[in-house]
1. From A:Ala96, A:Ala64, grab the single residue that is within 14 Å of chain B (Cβ to nearest Cβ) and among the small types (Gly, Ala, Ser).
2. Looking only at segment B:41-59, how many residues end up being farther than 17 Å from B:Gly107 by Cα and surrounded by 17 or more Cβ atoms within 10 Å (Cβ to Cβ)?
3. Of all the residues that make up segment B:79-109, how many are free of Cβ contacts under 8 Å to residues at least 12 places away in the same chain and either more than 12 Å from chain A (Cβ to nearest Cβ) or among the basic types (Lys, Arg) (or both)?
4. Given the criteria more than 13 Å from every other protein chain (Cβ to nearest Cβ), in a helix (DSSP H, G or I), free of Cβ contacts under 8 Å to residues at least 40 places away in the same chain and of a type in the set (Lys, Arg), does B:Arg141 qualify?
5. Could you tell me which numbered condition B:Val63 fails, if it satisfies all but one of (1) outside any loop (DSSP other than H, G, I, E, B); (2) within 14 Å of another protein chain (Cβ to nearest Cβ); (3) modelled with pLDDT of 95 or more; (4) surrounded by 19 or more Cβ atoms within 10 Å (Cβ to Cβ)?
6. For the condition assigned to a helix (DSSP H, G or I), of a type in the set (Val, Ile, Thr) and closer than 21 Å to B:Thr170 by Cα, what is the one hit in A:Val104, A:Val66?
7. Scan A:Gly201, A:Gly174 and give me the residue that is within 11 Å of chain B (Cβ to nearest Cβ) and more than 17 Å from the chain's Cα centre (by Cα).
8. Among the residues that make up segment A:136-154, is at least one of them touching a helix residue (DSSP H, G or I) at 6+ places or on another chain (Cβ under 7 Å) and within 27 Å of A:Gln24 (Cβ to Cβ)?
Amino acid sequence: MTGGPTAYSFEWSAIWRGLPYLLQGAGLTIIISALAMVLAVALGLVLAALTQLRGGVARPLVRAYVEVFRNTPLLIQIFIVYFGLPQLGLRLSPFASGLVALVVYAAAYNAEIFRAGLEAVPKGQHEAARSIGLSAWQAMRFVIVPQAIRIAFPALGNNLVSLVKNSSLVSTIGMVELMFVANDISFNNFRTFEIYGTTAGLYILLVMLLTRALHLAERRMARVR
Amino acid sequence: MSARVVLESLPYLLRGTLVTVGLSLAVIAVGTALGLVLGVLRFVPWRRVGTAIGWAVELVRAVPLLLLMFFIFFGLPALGIRLPTFPAAVLAMSLWMTVNTAEVVRGGIQSIPAGQFEAARSLGLGWLPTMRHVIVPQAVRRMIPPFVGLCTILIKDTSLAAIIGVFELTRAAQETIERTLRSFEIYMVAAAIYFLICFPLTQLARRAEARLQRPS
């Protein structure tokens, strides 16, 4: 196709040359997201468990944590960890900063999801578990939490999908993942259209595969009872 | 002293805040209108059209907002479409808001029992009047909590516009830090401003959600 001065020729070769690096970037995105999610699930569970303690300051503290991290931009949180904390003497690498920010952000959502899950398990379940002689801890561990996780699973899955997309923000502080690689390539060869287009394709592929896997897991969970 | 730095930078940050609020309102207005249309169109009687819309929404939703923004700002000039930073950011965010609103609308409509639709059609109402007068009014109640949540996410995500150079709250904070080198305090203040805007909205969503749980 020919055109005016802005005519641009789409170059497939730019995609083939960029693809190996983009795939590597996608691999890093998967690793970072998986690592962040595992840590955020653990932290979220602990926070949600704290809200179940009667009395004390744990409940309002967790609530404050959740509200603060859910109501401020992730980008600002990343900047505070990477640019702000060194001012207080805590200097973290781009990787550590990005990971910390992603974990505390996702954990706030997870805590809320788990809390709702725990509260959705009928009270009678707990009473029944205690009355057959389980201790409070055993009732939690073997009766309440497994049911709560099943209830929380779909929302948790959505949060994981968001986390994969949100991990693109850590490219702004120089953590190498898919978005960072895409910028790196396209600012060097100026094939912005092809490279960002391919990157979008990779994110779509990643998200679709993940959604599919989560659906399958959810179905299996519903069957095993 | 850092307290003085914070105090002196406040007017500049508030100017950025005004842009953030304006930007958010504009994007929410455009995205809500288009998203409502797109979400309802997913249920048109022509199956193929509905499926195609559903796929388009899913594809765009799978792309991170930051990438949408870079694609529109850095990628489209390759096709001769050159947008300044502000319109590029508005376009990217409106696209994002549109597809996500369409998803909320889909969820709301699907939560309405199919019998409602069938009953309306059997009374002789056309597809559009059925949607307009029967389905959507009932579905709106269920859409409100996720929609308010979506607006909160959008307001937080307007901060991404700073990355391509749009002047708003986050950009104002960055510029202030370049002058004062007090990154911790200034970003904390920016975070506090975002919090003041978003917190009432999340409380509203929470209350609307609780209201839904109660029988009407």
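The values are calculated or read from the model by the stated rules, or taken from the named source; none is laboratory data. Keep in mind the model is a prediction, meaning the values are calculated, not measured. Positions of Cβ are backbone-derived with ideal geometry, glycine not excepted, and every protein chain shown enters the neighbour counts.
1. A:Ala64
2. Residues flagged as farther than 17 Å from B:Gly107 by Cα and surrounded by 17 or more Cβ atoms within 10 Å (Cβ to Cβ) within segment B:41-59 amount to 0.
3. Total satisfying the criteria: 4.
4. Judged against the criteria, B:Arg141 is not a match.
5. So the condition that B:Val63 fails would be (1).
6. A:Val104
7. The conditions single out A:Gly201.
8. There is no residue in segment A:136-154 that is touching a helix residue (DSSP H, G or I) at 6+ places or on another chain (Cβ under 7 Å) and within 27 Å of A:Gln24 (Cβ to Cβ).
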